[in-house]
Amino acid sequence: MPSMTNGELLIGIVGSGVAGLRAANAILKCEVDARIVIFGDETHRTYNRPGLTKKRYPLSDALEMAIAEDLKVNGAENNALTWQLGTRVETADLRNKVLHLSTGETFEYDRLVIAAGVRPRTSVQDNRECEFHTHRTLRDLNDARYIHDQLQTSEKVTIVGAGFVACELASLAKEYGCEVLMLEALRRGPFESILGEHISSALGRWIVQNGVTFLTGDSARELLCDRAIASARDASGAKASNLESPSDRSLFIEAIGSVPNVEWLHGNGLDLSDGVRVDEYMRVSECEDVFAAGDIARYPDPWIAGNLTRMEFWKNAIDTGDLAGRSLAASLGYDAKISQIGYFPSIATEVFGLRIQIAGNPKIADSMEIVCGDLDQLDQGALVAFLREGVTVGAAYMDKGARFNSLYINLLKSLKVTRVDSANVV
Ligand SMILES: Cc1cc2nc3c(=O)[nH]c(=O)nc-3n(C[C@H](O)[C@H](O)[C@H](O)COP(=O)(O)OP(=O)(O)OC[C@H]3O[C@@H](n4cnc5c(N)ncnc54)[C@H](O)[C@@H]3O)c2cc1C
């Protein structure tokens with residue numbers, strides 16, 4: 001057992017999301033004799049963030065509470081933890097091990113876990129009002145409350161982006177009965193950076209078949225920013241195209257990626273170039289008593305030698321949170337059985353009733369093979385294998401039912417974590 005020099009051992013966790021919670025649970029499981037305080041700038045204990053876009057919520061005065069109740073995460077109601085919610089950590093002095101809080105107080109820690117997550121990127125930075133509309137984003141319960149509220153009463157919505165959140169939002173907006181315009185300026189369709197052009201285009205067609213106006217490339221760009229909208233009008237002020245500009249739409253939501261919440265860590269000499277850099281045990285190399293986990297942690301890519309990766313998925317937050325907690329316990333001398341992160345990505349989403357499951361790392365594939373089904377008839381199911389030098393390194397399964405489920409499971413069994421050199425990945 002480690003000895004405590006100044007009485008009680010204090011562990012601070014910044015971020016009340018699932019990564020912070022899992023880190024706390026892992027520390028408790030290792031029976032570390034310490035007081036754990038979780039700081040969260042949201043006012044709720046951990047909830048299931050992915051659930052914010054998965055279904056409709058009924059019109060209610062207390063919509064936020066209804067969502068929070070529905071999305072409770074097991075383990076968040078834990079008497080062994082102290083929650084300091086509605087409290088932002090403004091700055092951290094890692095040399096002196098002190099956090100400066102939005103309440104004006106300070107917190108001196110012995111060990112620290114950074115699990116502050118990310119926030120949505122927006123094209124208008126801090127000023128969300130532009131000449132034409134308010135740029136909304138969706139990350140937390142407050143955002144969800146506003147957006148669900150608006151979707152119940154709006155006729156039209158514009159969604160910028162074609163990633164997971166954008167596609168789920170489009171699907172949700174349609175369910176609420178809205179007319180949906182999706183704008184994706186950089187890619188040809190959904191999830192292109194993960195699944196490649198072929199599948200991405202098929203998913204784009206699926207979205208269109210389901211009644212969304214989906215514009216990509218220049219057509220999207222033309223409607224995206226204020227100046228572009230203005231230039232799309234002719235000299236007389238009439239619109240150059242017959243599409244309404246997003247300014248005529250009541251709700252404009254951007255889902256164009258995210259930014260790690262690292263500003264409070266500035267001035268401590270950490271590598272914060274894209275999140276918080278950690279080693280394969282979630283340890284911050286520059287500070288032996290600091291750990292990081294979840295969306296904010298950038299760690300050595302188990303798949304690509306020499307690369308660092310930062311993942312924004314629930315399971316990754318759980319696994320890295322757990323590892324950060326156990327590494328912290330190990331640093332105090334507890335028997336915590338740590339092993340390096342061997343992350344095996346596995347993601348699922350549903351877009352207009354089509355369940356999309358992705359496993360492994362399609363990005364490193366050099367070829368793809370349609371195992372069964374047809375990308376032009378996604379509702380009939382399509383199963384795709386991603387290969388690298390003949391070895392299956394990824395799989396994607398799209399279906400309205402579970403037609404090829406057993407084949408998909410077999411494909412997953414044949415998946416191999418393949419370590420490749422970064423120089424050989426396009
Ligand atoms: C709408 C939506 C849908 C999603 N759907 C899926 C899905 O279907 N499948 C999937 O795998 N993943 C999904 N994700 C991603 C998944 O939710 C995240 O990967 C996961 O929640 C990350 O957990 P985290 O604990 O690292 O970060 P977060 O959940 O972001 O938690 C970090 C917390 O720290 C707080 N914080 C930040 N800075 C400070 C500070 N200085 N002081 C105090 N508190 C601070 C933040 O406000 C936040 O509450 C979705 C995300 C969103 C937004």
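Quick look at the numbers
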quantity: Positions within region 71-91 being assigned to a strand (DSSP E or B), in contact with a helix residue (DSSP H, G or I) (Cβ under 9 Å, 6 or more places away or on another chain) and over 17 Å from A19 (Cβ atoms), in sequence order; calculated: E90, T91
quantity: Hey, S102 more than 9 Å from the ligand (Cβ to nearest atom), over 16 Å from the mean Cα position of the chain (by Cα) and either free of Cβ contacts under 8 Å to residues at least 12 places away in the same chain or surrounded by fewer than 22 Cβ atoms within 10 Å (Cβ to Cβ) (or both) or not; calculated: no
quantity: Residue among V371, V384 that is over 30 Å from V32 (Cα atoms), in contact (Cβ under 8 Å) with a residue 60 or more places away in the chain and assigned to a strand (DSSP E or B); calculated: V384
quantity: Candidates R139, R121 - the one that is at pLDDT below 95, surrounded by fewer than 19 Cβ atoms within 10 Å (Cβ to Cβ) and within 24 Å of G15 (Cβ to Cβ); calculated: R121
quantity: Odd one out for Y109, checked against (1) within 9 Å of the ligand (Cβ to nearest atom); (2) in contact with a Lys or Arg (Cβ under 6 Å, 6 or more places away or on another chain); (3) hydroxyl-bearing (S, T, Y); calculated: (1)
quantity: Residue in region 179-191 that is among the small types (G, A, S), crowded, with 17+ Cβ neighbours inside 10 Å and either within 16 Å of the ligand (Cβ to nearest atom) or in the same structural domain as T91 (by TED's automatic domain parsing) (or both) present; calculated: no
quantity: Test set (1) over 18 Å from L9 (Cβ atoms); (2) among the polar types (S, T, N, Q); (3) part of a loop (DSSP other than H, G, I, E, B) - N96 fails condition number; calculated: (1)
quantity: Residues (surrounded by fewer than 16 Cβ atoms within 10 Å (Cβ to Cβ) and within 18 Å of G17 (Cβ to Cβ)) located in region 262-300; calculated: E263
quantity: Meets criteria (outside the structural domain of D295 (by TED's automatic domain parsing) and either within 29 Å of S171 (Cα to Cα) or free of Cβ contacts under 8 Å to residues at least 12 places away in the same chain (or both)) for L407; calculated: yes
quantity: Number of the condition not met by T43 [criteria: (1) within 14 Å of the ligand (Cβ to nearest atom); (2) in a strand (DSSP E or B)]; calculated: (2)
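Yes/no matrix, rows are residues, columns are (1) within 14 Å of the ligand (Cβ to nearest atom); (2) in contact with a helix residue (DSSP H, G or I) (Cβ under 9 Å, 6 or more places away or on another chain):
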position	(1), (2)
S285	no, no
A292	yes, yes
G321	yes, yes
G333	no, no
A359	yes, yes
P362	no, yes
A365	no, yes
V371	no, yes
Q377	no, no
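The values are calculated or read from the model by the stated rules, or taken from the named source; none is laboratory data. Worth saying up front: this structure is predicted, and the values here are computed from it rather than measured. Methodologically, a virtual Cβ is constructed for each residue, glycine included, from the backbone with ideal geometry; neighbour enumeration extends over all protein chains shown.
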